[in-house]
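**Student:** Here it is, the structure in full.
The values are calculated or read from the model by the stated rules, or taken from the named source; none is laboratory data. Being a predicted model, the structure only gives us computed values, none of them experimental. With ideal geometry, Cβ positions are generated from the backbone for all residues, glycine too; neighbour counts draw on all protein chains shown.
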Amino acid sequence: MALTHRSFAFEQPDVVAHNERLEFLGDAILGAIVTDLIYREHGELAEGEMARLRASVVNTHALAELARAYGVGDHIRLGKGEEVSGGREKLSLLADAFEAIIGAVYIERGLEELRRRLTPIFEERIGVALAAEFRYDSKTALQEVVVRATSELPNYRVAASGPDHDRRYTAHVYVGPDLYGTGTGRSKKEAEQAAAREALARFAAADQEQGDARAS
């Protein structure tokens, strides 16, 4: 099921289960494992920095790279249209299949076995990301987090104030109708980065609250 894309399932004469529900499960489990790993191993990082780091190692591009490394694309069951259009190399399809496999392993083998398998993989990737200063700026990291959580893009609104020789900028970043972060700076870019960092911290806090609620 984890390797069955919906395009294959919908072409069959009889009902065939596909991997979207497992992908949903795997996404949540992977996020929890990586968050726990970062929290335990990198206690020097602030909330926003932890969220930024997680976004740099758990995103469509990163998971698609892992799927390629393990040859996942060779084994996905695709419909004829997806096969012809190069579905085995599509980043989103590969990343979703990787998460679906995680969901399947979680169901079949349990959380501790899954954690044992994934920890060395993501320890290495976290180390690389830290060495490269997360590889992403805060705006890019926030975009990754927001797209994964809502399928939307963050929206920035920037206002300038003060004289030309001492111009100040204030940025507000929204997710849908909700304000998630505010930042100021001497340039539009600096203000947007500050707003994105505040929004990342809010997402990290919300994730922690949800984790605490599940644990209780």
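**Student:** For ILE102, indicate whether it is β-branched (Val, Ile, Thr) and either buried (at least 16 other Cβ atoms within 10 Å of the Cβ) or touching a Pro at 6+ places or on another chain (Cβ under 6 Å) (or both).
**Tutor:** Here the answer is yes, as ILE102 does meet what is asked.
**Student:** Scan region 143-184 for residues that are part of a loop (DSSP other than H, G, I, E, B) and closer than 29 Å to GLU23 by Cα and jot them down.
**Tutor:** Within region 143-184, the subset part of a loop (DSSP other than H, G, I, E, B) is 151-154, 162-163, 167, 176-177.
Scanning region 143-184 gives SER151, GLU152, LEU153, PRO154, GLY176, PRO177.
**Student:** Sticking with this one: Sort out which residues of region 174-189 are touching a Lys or Arg at 6+ places or on another chain (Cβ under 8 Å) and closer than 22 Å to SER151 by Cα, and write them in order of number.
**Tutor:** TYR174, TYR180, GLY181
**Student:** Here is a follow-up. Is it true that some residue in region 18-39 is free of Cβ contacts under 8 Å to residues at least 60 places away in the same chain and touching a strand residue (DSSP E or B) at 6+ places or on another chain (Cβ under 7 Å)?
**Tutor:** Checked against the condition, which is being free of Cβ contacts under 8 Å to residues at least 60 places away in the same chain and touching a strand residue (DSSP E or B) at 6+ places or on another chain (Cβ under 7 Å), region 18-39 yields at least one hit.
**Student:** Got a sec? Which of GLY31, GLY48, GLY43 is assigned to a loop (DSSP other than H, G, I, E, B), closer than 23 Å to LEU130 by Cβ and not aliphatic (A, V, I, L, M)?
**Tutor:** GLY43
**Student:** Now for a separate question. Looking for something in a helix (DSSP H, G or I), closer than 21 Å to SER56 by Cβ, among the hydrophobic types (A, V, I, L, M, F, W, C) and assigned by TED's automatic domain parsing to the domain that holds GLU49 - is there at least one such residue anywhere in region 131-138?
**Tutor:** So in region 131-138, the residues in a helix (DSSP H, G or I) come out as 131, 138.
From the residues that got through so far, the ones that are closer than 21 Å to SER56 by Cβ too are 131, 138.
Filter again for among the hydrophobic types (A, V, I, L, M, F, W, C), leaving 131.
Checking the rest, the ones that are also assigned by TED's automatic domain parsing to the domain that holds GLU49 come to 131.
Checked against the condition, which is being in a helix (DSSP H, G or I), closer than 21 Å to SER56 by Cβ, among the hydrophobic types (A, V, I, L, M, F, W, C) and assigned by TED's automatic domain parsing to the domain that holds GLU49, region 131-138 yields at least one hit.
**Student:** I would also like to ask the following. Quick check on my filter: what residues within region 143-158 are among the small types (Gly, Ala, Ser) and either in contact with a Lys or Arg (Cβ under 7 Å, 6 or more places away or on another chain) or free of Cβ contacts under 8 Å to residues at least 12 places away in the same chain (or both)?
**Tutor:** SER151
Residue by residue, here is whether (1) buried (at least 20 other Cβ atoms within 10 Å of the Cβ); (2) outside the structural domain of PHE24 (by TED's automatic domain parsing); (3) among the aromatic types (Phe, Trp, Tyr); (4) more than 14 Å from ARG54 (Cα to Cα) holds:
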{"site": "VAL128", "(1), (2), (3), (4)": "no, no, no, no"}
{"site": "ALA171", "(1), (2), (3), (4)": "yes, yes, no, yes"}
{"site": "TYR174", "(1), (2), (3), (4)": "no, yes, yes, yes"}
{"site": "LYS188", "(1), (2), (3), (4)": "no, yes, no, yes"}
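**Student:** List every residue pair whose Cβ atoms lie under 8 Å apart, where the two residues are 6 or more positions apart in sequence or sit on different chains, the first residue falls within region 49-64 and is within 19 Å of PHE98 (Cβ to Cβ) and buried (at least 21 other Cβ atoms within 10 Å of the Cβ), and the second residue, located anywhere, is of a type in the set (Ser, Thr, Tyr) and at pLDDT 90 or above.
**Tutor:** Close Cβ pairs satisfying both conditions: ARG54/THR35.
**Student:** Name every residue in region 1-15 that is over 22 Å from GLU108 (Cα atoms) and charged (D, E, K, R), in order of residue number.
**Tutor:** Answer for region 1-15, where residues must be over 22 Å from GLU108 (Cα atoms) and charged (D, E, K, R): GLU11, ASP14.
**Student:** Applying the selection to region 18-28, what residues are in a helix (DSSP H, G or I) and over 15 Å from the mean Cα position of the chain (by Cα)? Full working, then the answer.
**Tutor:** Start the filter on region 18-28 by keeping residues that are in a helix (DSSP H, G or I), which leaves 20-28.
Correct list: GLU20, ARG21, LEU22.
**Student:** Testing ALA97 on (1) surrounded by 13 or more Cβ atoms within 10 Å (Cβ to Cβ); (2) under 30 Å from GLU198 (Cβ atoms); (3) assigned by TED's automatic domain parsing to the domain that holds GLU23, one condition comes back false. Which one is that?
**Tutor:** Checking ALA97 against (1) surrounded by 13 or more Cβ atoms within 10 Å (Cβ to Cβ); (2) under 30 Å from GLU198 (Cβ atoms); (3) assigned by TED's automatic domain parsing to the domain that holds GLU23, the one that fails is (2).
**Student:** Among the residues of region 131-151, which ones are surrounded by fewer than 12 Cβ atoms within 10 Å (Cβ to Cβ), more than 18 Å from GLY31 (Cβ to Cβ) and either out of contact with any helix residue (DSSP H, G or I) (no Cβ under 9 Å at 6 or more places or on another chain) or modelled with pLDDT of 80 or more (or both)?
**Tutor:** Within region 131-151, ALA131, GLU133 qualify.
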